[in-house]
Amino acid sequence: MKSLERTMAAVTGGPYDRRSVGLTLSLYGARLTGCPLYDFYTDADRYVQGQIAVKNTFDTDIFYTPFVLTAITEAFGGEVKYFKTSPPNMSKPAFKSGAGLSKFDISNIERHPRLVYLLEATRRLADALAADNAVAAVFLSPIDLPPLIMGIDAWLETILFNETEAKKIMEMTGDFFVNMANLFFASGAHFVALPVVFCNPAIITRRIVDEMALPVLSANFSKLKGPLVLHHGGAPMTSFISSLASLPNVIGYAIDQTDKFSDVRNLAGEGKTLLGNIDGPTLNKKTPELIRAQCANILKDRAGDPHFIFSSSGADIPLDTPPENIAAVVEAVKNFAGGEDHAGKR
Amino acid sequence: MIESVREQLLKTILEAGRVEANAILERWAETNGYDDAVISVLEPVLEKIGVIWESTQNISLAQAYVAGKIAEDFMAKVSEKYSDSSCYSTKKGSVVLGNIEDDYHSLGRKMVGIFLKSAGWEVYDLGNDVPAVDFVDEAVKTGSRFIGVSAMMYTTAMNIKKVRNEIDRRGLTGRIKLIAGGAVFRLRRELVGEVGADATAGNAIVAPALFDKLSRELISAGGSL
């Protein structure tokens, strides 16, 4: 069975030979190819070489486009600081308040070199791997784009105290989101992974979630030409996952390491694909033995669930993670027997 | 009476009603004075929100942010009304705050600053991406006994060790307390020790209580602020 077929089986609930495994090894490709991170995050070819090295080294099933959301910051005129061992961070937002952003002209913004980099990396990654593997583009939803452009505090200030301006901004980021997501699909991505933060009641008030965030997501998701996986974005999803159920084009959820699959499955329903939940960012702190044991527990927990993909939760797996730790995850998934019949949905 | 006002303020803050919350405090202040509005109404409510946040996690970041804004709004009015006579014109002590070198996630730090100022602390906020040397220089310059350093991610949190080393290198161990904060410390408590910090606060709202406790410890050990 090809990786892509195995991954699609988890989405459709069809029979599979083993679980699909998708680790967030976007950054790790730079380690495998010895590529300086600035080059890695600005040269689509260097990025794709890194992902091919990940494929050749670990043979995972799903590959991600550059996990460098600060490219959006740069495209809107903000400043970013690059580091030697971790992805870049926004050092200066493009706008200090909603007033500037709501008037920003986004026409042709997809031609900005930073967004061209993201789209070109997607196209080349798909050319190299998509025949056999699933390719996922990483982006942000209309409600989570503003923090990358104006800073989280300015966005909080706007969404909490200036609803009219917040709505104007989300109209603009909604158009931008739909355009970019559809370009990712046109470039060969099988799905788009979206961290969702500002529809989480741990972040924003329930009223804003219900009255602003979910309607904006629903309206914009319905315009997409491909499927989405919603990512926990660094906080547990259990408390709000049921509110996401009616969003169009969402095929699954990538849950936090602290979420329980059984709780999420009960709340999300039978049809959605669940991804997770070994913690990626702390994989560098564990031994291969511990990792194998944790993986076995997750796989046992999901035995009999046809809609499950073994993935890392959280952000990118750190650069200093020993390769044997990553190999331990992949081996644990590939070698897991656990009495599963692999028949898929009955 | 006061209990129902506190309940009303709590409910209004949790519904993100900034204007309405300020109006509740104003009404109380008109009858009972601004100091009393702070001591009897605002502070107990903030404390309650901090406890709920820490113990149940049932407070959203937005609700805590609104609480900080209301505290900031109202303390500005208190300062205007009683520039010299209020008990809040006497500072409890001073604190140097900043995000560590390479860290740009400023929201948590800003919220800590707001709550500390509202609780009567002098705050020297150095901003984002602050080198270790600058933290200690500022603490020495301003006579601050506390350095609060924020980091959101594991990679940047490890830079806080440099502040610990700088404090120790200058022979200021015990004289200046290092407090680490940020999302990563909530998720991984063991990091507090790993970076050499003396303490951490579970969230921005309970930060003043932590600094009060640490200052009492310093004073009882024979120090001064």
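Within 10 Å of each Cβ in A:82-90, how many Cβ atoms from other chains are there, averaged over the peptide? Each step should come with its number before you reach the end.
Details: counts 0, 3, 0, 1, 5, 2, 1, 10, 2.
Taking the mean over all residues of the peptide, I get 3.
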Task: Rg/Rh (Cα only; Kirkwood hydrodynamic radius) as it applies to segment A:206-254 - done: 0.95
Task: Sequence of A:17, B:198, A:301 once ranked by neighbouring C-beta atoms within 10 Å, starting from the fewest - done: A:17, A:301, B:198
TODO: For the protein assembly as shown, take the alpha-carbon Rg, divide it by the Kirkwood Rh, and send me Rg/Rh.
DONE: 0.99
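State the dimensionless ratio Rg/Rh of segment B:70-225 (Rg: radius of gyration of Cα atoms; Rh: Kirkwood radius).
Details: Rg = 15.0 Å, Rh = 15.6 Å.
Rg divided by Rh gives 0.96.
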Task: Candidates B:22, B:165, B:58: whichever shows maximal mean-square fluctuation once chain B is modelled as a Gaussian network with Cα springs under 10 Å - done: B:58
Open item on the list: Quick check: the angle from helix A:152-161's long axis to the longest principal axis of chain A, C-alpha only, nearest 10 degrees?
Closed with: 60 degrees
Task: Neighbouring partner chain Cβ atoms per residue of A:199-205, average, 10 Å criterion - done: 5
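How would you order A:154-161, B:33-40, A:187-194, B:166-173 from highest to lowest mean count of nearby Cβ atoms within 10 Å?
Working: A:154-161: 21.4, B:33-40: 18.5, A:187-194: 23.4, B:166-173: 15.5.
Result, highest mean Cβ count within 10 Å first: A:187-194, A:154-161, B:33-40, B:166-173.
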Task: 26 Å Cα-Cα reach of residue B:213 towards lysines, excluding residues that sit fewer than 8 places from it in its own chain - done: B:48, B:69, B:91, B:92, B:110, B:117, B:141, B:161, B:162, B:177
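If the convex hull of the alpha-carbon atoms of segment A:7-74 is projected onto planes in all directions, what is the mean projected area in square nanometres?
Values: hull surface 21.5 nm².
Its Cα hull, projected and averaged over all orientations, spans 5.4 nm².
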- [ ] Step through the residues of segment B:52-59 one at a time and calculate ³J(HN,Hα) from phi using the Karplus curve (6.51 cos²θ - 1.76 cosθ + 1.60, θ = phi - 60°), rounding each to whole Hz and writing x for Gly and Pro.
- [x] 4, 4, 6, 8, 10, 6, 8, 10
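Using only alpha carbon pairs under 8 Å that are at least six residues apart, calculate the relative contact order of chain A and give it in whole percent.
Details: 680 pairs, mean separation 70.8, N = 346.
Taking the mean separation of contacting Cα pairs over the length of chain A, I get 20 percent.
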Open item on the list: Cβ neighbours within 10 Å, averaged per peptide: list B:59-66, B:188-195, A:323-330 in order, most packed at the top.
Closed with: B:59-66, A:323-330, B:188-195
Open item on the list: If I model a spin label at residue A:246 and residue B:57 as a point 7 Å from the Cα along the Cα→Cβ vector, what separation in nanometres do I get?
Closed with: 2.7 nm
TODO: Please arrange A:164, B:12, A:73 by counting, for each residue, the other beta carbons lying within 10 Å of its beta carbon, fewest first.
DONE: A:164, B:12, A:73
Open item on the list: Nearest 500 deg cm²/dmol is fine: what mean residue ellipticity at 222 nm does chain B get from its DSSP H runs of n ≥ 4 alone, each adding -39,500 (n - 2.57), divided by its residue count?
Closed with: -16500 deg cm²/dmol
Task: Only Lys, Arg (+1) and Asp, Glu (-1) charged, at Cβ; segment B:24-130 dipole about Cα centre in debye - done: 220 debye
Task: chain A: angle of helix A:288-301 to the longest principal axis, Cα-based, in degrees nearest 10 - done: 90 degrees
TODO: Please list, or write none, the lysines whose alpha carbon is within less than 22 Å of the alpha carbon of residue A:2, excluding same-chain residues fewer than 8 places away.
DONE: A:55, A:272, A:334, A:345
TODO: Find the relative contact order for chain B and round it to a whole percent, using C-alpha pairs within less than 8 Å whose residues are 6+ positions apart.
DONE: 17 percent
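Can you give the convex hull volume per residue for the Cα atoms of segment A:32-273, as a whole number of Å³?
Details: hull volume 29.9 nm³, N = 242.
Each residue corresponds to 124 Å³ of Cα convex hull volume.
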TODO: Show the residues, 5+ positions off or on another chain, whose built amide H is closer than 5 Å to the amide H of residue A:344.
DONE: A:16
- [ ] Give me the distance in nm between label points sitting 7 Å out from Cα along the Cα-to-Cβ direction at residue A:132 and residue A:270, one decimal.
- [x] 3.5 nm
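Among DSSP beta bridges whose residues both lie in the protein assembly as shown, state the antiparallel percentage, nearest 5. Write out the running numbers ahead of the final one.
On the way: 3 of 45 bridges.
Counting only bridges with both partners in the protein assembly as shown, antiparallel ones make up about 5 percent.
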Open item on the list: Can you tell me the orientation of helix A:3-12 relative to chain A, as the angle in degrees between its alpha-carbon axis and the longest Cα principal axis, to the nearest 10?
Closed with: 70 degrees
Task: Label-point gap, in nm, between residue A:218 and residue A:103 - each point 7 angstrom along Cα→Cβ - done: 3.4 nm
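Bear in mind that the values in this text are calculations on the coordinates, not laboratory data. Values in this document were obtained by computation on a predicted structure and should not be read as measured data. All Cβ positions, even for glycine, are placed from backbone atoms using ideal geometry, and neighbour counts span all protein chains on display.
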